[in-house]
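Participant: Before anything else, here's the structure in question.
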Amino acid sequence: MLQKERKTLPIYHYREQVLRAVQENQVVVIVGETGSGKTTQIPQYLHEAGYTKHGKVGCTQPRRVAAISVAARVSREMGVKLGHEVGYSIRFEDCTSEKTVLKYMTDGMVLREMLSDPKLESYSVLMVDEAHERTLSTDILLGIFKDLVRLRSDLKLLISSATLDAEKFSAYFNFAPILRVPGRRYPVEIHYTKAPESNYIDAAIVTTLEIHATQASGDILVFLTGQEEIETVEEILKERIRKLGTKIGELIVCPVYANLPTELQAKIFVPTPDGARKVVLATNIAETSLTIDGIKYVVDSGYSKMKWYNPKTGMESLLVYPISKASAMQRAGRSGRTGPGKCFRLYTINSYQEDMEDNTVPEIQRTNLANVILILKNLGIDDLLNFDFLDSPPQELLRKALELLYALGALNQVGELTKVGRQMAEFPLDPMLSKMIVASDKFKCSNEIITIAALLSVGNSVFYRPKNKKFLADNARMNFYQGDAGDHIALLNVYNSWKENDYSKQWCYDNFIQFRSMKHARDIRDQLTCLVERVGIELTSSLCNLEAMKKAIISGFLLHTARLQKNGSYWTVKHPQKVHVHPSSGLAQVPKRWVIYHELVLTTKEYMRQVTELKPEWLFEIAPHYYMLKDVEDLRKKMPRVAGRPWLKT
Ligand code: ADP
Ligand code: MG
């Protein structure tokens, strides 16, 4: 059955052309409409043609969900067990084995893999998929692969893209040939709102219900910006449908977002039963990474979440940001794959024409580069100013990243990698988290710190706070706060209590803790334990020594310090900016003179999340090269020391 389906995909007619192009050229660029079969079919064609006899075919994906879902699909098409011949690898989850010949993985994982296999010698073909997404890791990979193909004449490189950036990729790789796979495309009718919507969430709900009530059969795809929003819309839609009772047909609501548990992912691909309609609530993950058959209507909020890093303040925020025209076109196109479609844009035609950029700014130009620079330095790529980027990052971003790595002790005064920097690179974490772990060695509390790091890595999903039980949930949460030890230690207490209760699910329910997040944190913790041993950090505990734990945390997050002001708000210490303690923090009601935070979130205000108190003198005890007494004594004299770091000057 699946074999027959494979033959109906547009790319099937280009099978021989693809294989010939790969045989005759080392680098090939492939462009094809989303859903034409690039991701699922090309690796299989290569396998069938024998390219996996002397190495694996690796296919990179910008998103974890896509890597898992596509690998699952391909393993079914090939009739093998997932993790055997076909596998995937994402951060903290390796589902491959000795047998694996087709490997789907996130672009970030390939970079990590290069730390142990710099020439990627276990691969015979690499396919950089979804290259048009221009994630930071994809851009870096393209730069590295450009060199790698010179070093390894036996390696084949494919770059696949859903949009028209093909010429740019081709030119970058010495005018590699471009193969175009025309997709099926039916006309899409586009509707705009007459006036701007004040609330796109409400508008999305109303529009979805209207489509359901008035339009012919066919599934709906709604583009929203994130998990919380999707969960809200899911809840409201279900409630409204319930109230409408039998007056209206069945509406099956399926959410899709980056952290969606694997077991729920399969649900979005289940064909809709006759008489019912499916509505998929998705982030921009469904823009090009995932193809869901049967979609006939698209509702486009016009927004997505984007990371923006401000090099002036060193702050990174995840912002709800207007999408580009290119994204809007992609979104609309999702409705016209199997027949004529309709796209309802929740913005005006004027706003489309006037306010939206043509293309999304590549991530490399708007994000914190410290993580990839640490990896590049570990790969021996030192001369970043002359690295051949597809689009160069602004100098300011490069300089800021080097400064952060210097502050963390990963680079020395002349910008060379230190032992600490090498240890840090072993951890698949942000540099601040990995530094916190490396530093825990000195403070003899690595056991506690890796627990905290694992919990911080699962995101803000440890505590469960249902709308109708907020009071009970908040009370339960406060049990984990001893005195005013802060949020980091509270997380540690949650984990240790759970462990004392034999990792029980019931215990989680009783304490308003999300069991799934805890299980995930436990997995991550196990992996971090192995890595800690590998880099030669001793596993030690000092549960009673609060100061030691705090000092380890500060060693990683020394740039995230803030000081209380008379009016109750806080100012960050370096590059002062006004911030507030997030209401969910245990320290929200107990102001502390000095605090350290894990991250900032911008909602109505700039909030610090996961906050812990510190003593200012610890700052120059821990980072005398970065903090000076006067930083701490007088905020107005806030100049960081620049002397002795010539590589930081432009
Ligand atoms: P492209 O990479 O060109 O966008 P894909 O290879 O991802 O196309 O998709 C080809 C077809 O495979 C699509 O029709 C899609 O519906 C189907 N498909 C992909 N992944 C899955 C999955 N996890 N479950 C069911 N069908 C899938
Ligand atoms: Mg694809």
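What follows is calculated from the coordinates using simple rules that are stated; it is not laboratory data. The structure displayed is predicted, hence computed values, not measured ones. Because the Cβ atoms are built from the backbone with ideal geometry, glycine has one as well, and the counts that use them run over all protein chains shown.
Participant: So what is the 222 nm mean residue ellipticity for the chain from helices alone, if each DSSP H run of at least 4 adds -39500 (n - 2.57) and you divide by all residues, rounding to the nearest 500 deg cm²/dmol?
Facilitator: Using -39500 (n - 2.57) per qualifying helix, the result is -11500 deg cm²/dmol.
Participant: Separate question: Dipole of the stretch 427-631 (Lys/Arg Cβ +1, Asp/Glu Cβ -1, origin at the Cα centre): which of Asn545, Leu472, Phe557 lies farthest to the positive side?
Facilitator: The one lying farthest along the dipole's positive direction is Leu472.
Participant: Let me ask something else about it. Which of His520, Cys530, Val595 sits farthest toward the positive end of the charge dipole of the stretch 496-627, with +1 on the Cβ of Lys and Arg and -1 on the Cβ of Asp and Glu?
Facilitator: With unit charges placed on the Cβ atoms, the residue in question is Val595.
Participant: Less than 20 Å apart at the alpha-carbon level, and either on another chain or at least 8 residues along: which aspartates and glutamates does that give for Lys400?
Facilitator: Cross-link targets: Asp139, Glu316, Glu363, Asp382, Asp383, Asp388, Asp391, Glu416, Asp430, Glu599, Asp631.
Participant: Run the dipole for the stretch 255-299 about the Cα centre, Lys and Arg Cβ at +1, Asp and Glu Cβ at -1, nothing else charged, and hand back the magnitude in debye, nearest 20.
Facilitator: 120
Participant: Past 18 Å, Cα to Cα, is the threshold; run Lys119/Lys377; Lys99/Lys267; Lys470/Lys505; Lys312/Lys615; Lys467/Lys578 against it and keep the listed order.
Facilitator: Result: Lys99/Lys267; Lys470/Lys505; Lys312/Lys615; Lys467/Lys578 exceed 18 Å.
Participant: Same structure again: Calculate the dipole size of the chain relative to its Cα centre from +1 charges on Lys and Arg beta carbons and -1 charges on Asp and Glu beta carbons; express the result in debye to the nearest 20.
Facilitator: 540
Participant: Once both labels are modelled 7 Å past Cα along the beta-carbon direction, what's the Glu121-Lys194 spacing in nm?
Facilitator: 6.9
Participant: Okay, moving on. Looking at the chain, send over the antiparallel percent of its DSSP beta bridges, to the nearest 5.
Facilitator: Around 35 percent antiparallel, to the nearest 5.
Participant: Mind checking which aspartates and glutamates have their C-alpha under 13 Å from Lys444, skipping anything on the same chain fewer than 8 residues away?
Facilitator: Filter leaves Glu538, Glu547.
Participant: How big is the gap, in Å, between the Cα center of the stretch 558-596 and the Cα center of the stretch 497-543?
Facilitator: Comparing the Cα centres of the stretch 558-596 and the stretch 497-543, I get a distance of 29 Å.
Participant: List the lysines whose Cα sits under 19 Å from the Cα of Lys305, skipping any in the same chain fewer than 8 residues away.
Facilitator: Answer for Lys305, where 19 Å is the Cα cut-off: Lys325, Lys605, listed by chain and number.
Participant: Still on this structure, I have one more. Alpha carbon centre of the stretch 162-188 versus the stretch 355-433: separation in Å?
Facilitator: 30
Participant: Along the positive direction of the dipole of the stretch 368-426 (beta-carbon charges: Lys, Arg +1; Asp, Glu -1; about the Cα centre), which of Ala425, Leu376, Ala401 reaches farthest?
Facilitator: Ala425
Participant: How would you rank Ser304, Ser324, Ser116, going from fewest to most other Cβ atoms within 10 Å of each one's own Cβ?
Facilitator: Exposure proxy ranking, most exposed first: Ser116, Ser324, Ser304.
Participant: What ranking of Ile30, Ile375 emerges when the number of other C-beta atoms within 10 Å of each C-beta is taken as an exposure proxy, fewest first?
Facilitator: So the residues, fewest neighbours to most, are Ile375, Ile30.
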